[in-house]
Amino acid sequence: MQSVYVVEDDANIREIELFALKNSGYETKGFECAEDFFKCMQKEKPSLILLDIMLPDEDGISVLKKLRADPGCRSLPIIMVTAKTTEIDKVKGLDSGADDYITKPFGVMELISRIKALLRRTEPVEQEDSLMLGDIVLSKAKRSCKVSGTALELTYKEFELLYLLLQNAGLVQTRDMLMEKIWGTDFIGESRTLDVHIKTLRKKLGESGRHIKTVRNVGYLAE
């Protein structure tokens, strides 16, 4: 059974999250502070962590950075939970290694949906050759893209960009993440390059281009 650790200092919110997760079939453990959380992590690691950004003893971003610095936690799925609504706080969490974020107040159904989506995307067995989203079908091995059964001609970068977005469907990909993964850390140029490729990609996809969403001041996601 998959397990979820909830790091949240607000007792009421923590209990609601734990209750919802248990009812959805997950094993759970709740922590009020970072200290108790790290003690438990030394004994056993969960399938996913729900991490509040505001904790009494340590900032959630600091906790996140420590986790990502640990080789055993680098690929551990982490969703940041924050009451802050500014884009910069969301970007900070994503840039520090969070896989997704959710802003308070949020609905229980949305929370469970995001957790399920992230766990699906991060399962080791999830190494499929073909990816599908709506009418879009991509084959990595054949380097092919079809929309409603019709083949599309994509450039190398367009294909890689679309494949990455579909591979992480439902999860926000920051501009920096996309630039690094598609163009590489040595790429010298304006991030406008990314916008141009997204625009061209949407045009080629036609009606299915609606699946590529812009997250203002953060990046893009496919859903």
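The values are calculated or read from the model by the stated rules, or taken from the named source; none is laboratory data. What you see is a predicted model; the values in this text were computed from it and never measured. Positions of Cβ are backbone-derived with ideal geometry, glycine not excepted, and every protein chain shown enters the neighbour counts. Keep in mind that these areas ignore ligands, DNA and RNA; they rest on the heavy atoms of the full protein, side chains included. Shrake-Rupley method; radii C 1.70, N 1.55, O 1.52, S 1.80 Å.
Of note:
- For the chain, with +1 on Lys and Arg beta carbons and -1 on Asp and Glu, the positive-most of 108, 173, 163 along the dipole: 163
- The distance from the alpha carbon centre of the range 12-34 to that of the range 100-152 is 25 Å, rounded to a whole number.
- Residue separation of residue 95 and residue 200 scaled by 0.36 nm, minus their Cα-Cα distance, works out to 35.2 nm of gained length.
- For the chain, the dipole from Cβ point charges (+1 on Lys and Arg, -1 on Asp and Glu) about the Cα centre works out to 900 debye, to the nearest 20.
- Overall dimensions of the range 8-152, expressed as equivalent-ellipsoid semi-axes from the Cα gyration tensor (√(5λ), whole Å, largest first), are 32, 17, 16.
- In summary, the lysines within cross-link reach of residue 104, defined as a Cα separation below 27 angstrom excluding same-chain residues under 8 places away, comprise 22, 29, 39, 45, 65, 66, 84, 90, 92, 116, 213.
- Range in the chain, longest, excluding exposed trypsin sites (Lys or Arg not before Pro) [loop by DSSP; at most 16 other beta-carbon atoms within 10 Å]: 1-73
- Over all directions, the projected convex hull of the C-alpha atoms in the range 149-223 averages 4.9 nm² in area.
- Reference-scaled alpha-carbon Rg (2.2 N^0.38 Å with N residues) for the range 8-47: 1.19
- Of all accessible heavy-atom area on the chain, the percent that carbon and sulfur account for (1.4 Å): 51 percent
- The chain, relative contact order [Cα under 8 Å, separation at least 6], %: 14 percent
- The residues of the chain expose, per residue, 53 Å² of accessible area to a 1.4 Å probe.
- For the range 95-223, the convex hull drawn through the C-alpha positions has a volume of 130 cubic angstrom per residue.
- Inter-probe distance in nm under a simple model that places probes 7 Å from Cα toward Cβ, at residue 113 and residue 10: 2.0 nm
- In the chain, the DSSP-assigned H stretches of four residues or longer account for a calculated mean residue ellipticity at 222 nm of -12000 deg cm²/dmol, using -39500 (n - 2.57) per stretch and the full residue count as denominator.
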